[in-house]
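K.L.:
Attaching a single structure in structure tokens format; questions to follow.
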There are 2 protein chains.
Amino acid sequence: MKFYDCRTAPSPRRARIFIAEKGIAVETVEVDLAAGEQFSDAFRRLNPRCTVPVLELDDGTAIGENAGIAAYLEAVCPHPPLLGRDPRDKALVAAWNARCEAEGLHAVAECFRNRARGLRDRALTGGRAYPQIPELVERGRLRTLEFFDTLERRLADAPYVAGEHFSVADITALCAVDFAAWIKLEPGDDRPHLRRWHAAVTARPSVQ
Amino acid sequence: MKFYDCRTAPSPRRARIFIAEKGIAVETVEVDLAAGEQFSDAFRRLNPRCTVPVLELDDGTAIGENAGIAAYLEAVCPHPPLLGRDPRDKALVAAWNARCEAEGLHAVAECFRNRARGLRDRALTGGRAYPQIPELVERGRLRTLEFFDTLERRLADAPYVAGEHFSVADITALCAVDFAAWIKLEPGDDRPHLRRWHAAVTARPSVQ
């Protein structure tokens, strides 16, 4: 297996933490997104979407989405379980993970990518150029604060995002909350449950 | 189990087809989205996000995302498998399902919700009001056409979206393609593989 990563980007960080939690050794290939290496012919052949992370299996299959990488690694290496332990837990993990992606990561990206000077024609990830839309900067900011509120309420009731156990939903939520620092939003003292959870998850060896 | 549905909406249609493929009998509760029933106090208690589908388990747990509903039903009723048959297949199903959601359903929704007269302050699903942004109408349309191209290329190589077998990725893709008719986009004769697949999937008893 080869893992195509970019140390500075939030999306491959999700896969990197997932792999570390599983304790799996993989060969890592660093892709220089700042230099546009994801648009090279060689990388396009691997992943026509021009995004990281990608997990290349030994048979050459390229898995180019966090959801796919998590499903694969959970199947080949079930312990520790990160996608849930029983049907109800699996459901809560998948549902919360989807929310942390749509309401967290996508919200921060909406704000960040529509205002970053270096991304004028790259408002969306992928191979196609889409221009920035200034109104999405503020919408993304408001949605990110709404996401913080959602996590605060949730973490008042449960130690981890999906319930009693650490799961992929915590990884996605952590990457979203840390990505929010790029748009200068951080959970303050008015969100004590979110801060308690953030400190605990950040202290895990997989995150270091 | 109780399934909260809305016959006319694309998102709960995904869960409805998934349930039908599994051959599971569930009690269905119709939620009248046009009348705003999702914003009622009773529904908010069930799902504070004010969206369908919701699967309410017998212990009262409400699963409010398609990803969660699929994970639960696959765990309690593994046959026929809709989330993949082996690790590689599970990876491809999850990755393609994520793409059909992000590049298909979200693209069509971006166009549709930002121009529909009845959704002026409902450009995003959920409990919070976000105003329409006219530039997203055209962006959503272009992204939908790009998604059709992605499916056309994929279905030239494989009978189903994730490979050899029908899976949840086909359900998501079907709901996205049919949702695109709401913005007056349909795959034409220049996309023969997509049309062949669409006819085959539409003919399944679960879709009828």
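K.L.:
Scan the range A:188-201 for residues that are open to solvent by less than 20 Å² (accessible area, probe 1.4 Å) and under 14 Å from A:Glu146 (Cβ atoms) and jot them down.
P.N.:
Answer for the range A:188-201, where residues must be open to solvent by less than 20 Å² (accessible area, probe 1.4 Å) and under 14 Å from A:Glu146 (Cβ atoms): just A:Leu194.
K.L.:
Could you count how many residues in the range A:59-84 are facing chain B (nearest Cβ under 10 Å), at pLDDT 95 or above and not in a strand (DSSP E or B)?
P.N.:
Number satisfying all stated conditions: 17.
K.L.:
Name the pairs whose Cβ atoms lie under 7 Å apart, with the first residue in the range B:110-131 and under 19 Å from B:Ser11 (Cα atoms), the second among the aromatic types (Phe, Trp, Tyr) and in a helix (DSSP H, G or I), and 6 or more positions between them or separate chains?
P.N.:
B:Phe112/B:Trp182
K.L.:
Being out of contact with any Lys or Arg (no Cβ under 6 Å at 6 or more places or on another chain) and free of Cβ contacts under 8 Å to residues at least 12 places away in the same chain narrows it down to one residue among A:Ala102, A:Ala75; which is it?
P.N.:
Result: A:Ala102 is the single residue among A:Ala102, A:Ala75 that is out of contact with any Lys or Arg (no Cβ under 6 Å at 6 or more places or on another chain) and free of Cβ contacts under 8 Å to residues at least 12 places away in the same chain.
K.L.:
Hey, any hits in the range A:116-137 for a residue that's open to solvent by less than 60 Å² (accessible area, probe 1.4 Å) and over 24 Å from B:Ala107 (Cβ atoms)?
P.N.:
So far as the range A:116-137 goes, no, none of its residues is open to solvent by less than 60 Å² (accessible area, probe 1.4 Å) and over 24 Å from B:Ala107 (Cβ atoms).
K.L.:
Hey, another quick one. What number goes with the only condition from (1) in contact with a strand residue (DSSP E or B) (Cβ under 6 Å, 6 or more places away or on another chain); (2) within 11 Å of chain A (Cβ to nearest Cβ); (3) open to solvent by 30 Å² or more (accessible area, probe 1.4 Å) that B:Glu56 does not pass?
P.N.:
(2)
K.L.:
If you check B:Leu92 against the conditions, is it within 8 Å of chain A (Cβ to nearest Cβ) and part of a helix (DSSP H, G or I)?
P.N.:
Considered against the rule, which asks whether it is within 8 Å of chain A (Cβ to nearest Cβ) and part of a helix (DSSP H, G or I), B:Leu92 comes out as yes.
One line per residue, one yes/no per condition, for (1) free of Cβ contacts under 8 Å to residues at least 60 places away in the same chain; (2) crowded, with 16+ Cβ neighbours inside 10 Å; (3) in contact with a strand residue (DSSP E or B) (Cβ under 9 Å, 6 or more places away or on another chain):
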position	(1), (2), (3)
B:Arg13	no, yes, yes
B:Phe39	no, no, no
B:Phe43	yes, yes, yes
B:Arg49	no, yes, no
B:Gly64	yes, yes, yes
B:His79	yes, no, no
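K.L.:
Just to be sure I understand the filter: pairs with C-beta atoms under 7 Å, separated by 6 or more residues or on different chains, first member in the range A:134-163 and farther than 16 Å from A:Trp182 by Cβ and within 12 Å of chain B (Cβ to nearest Cβ), second member modelled with pLDDT of 95 or more and not in a helix (DSSP H, G or I). Which pairs pass?
P.N.:
Filtered contacts from the range A:134-163: A:Pro134/A:Asn114; A:Glu135/B:Ile133; A:Arg154/A:Val161.
K.L.:
Taking the condition of being in contact with a Lys or Arg (Cβ under 7 Å, 6 or more places away or on another chain) and within 11 Å of another protein chain (Cβ to nearest Cβ), how many residues in the range A:105-123 meet it?
P.N.:
Here the count works out to 3.
The values are calculated or read from the model by the stated rules, or taken from the named source; none is laboratory data. Computed from a prediction, not measured in an experiment: that's the story for all the values here. Here Cβ is always computed from backbone atoms with ideal geometry, including for glycine, and neighbour counts include all displayed protein chains. Note: accessible area is taken over every heavy atom of the protein model, side chains too, but ligands, DNA and RNA are not part of it. Shrake-Rupley method; radii C 1.70, N 1.55, O 1.52, S 1.80 Å.
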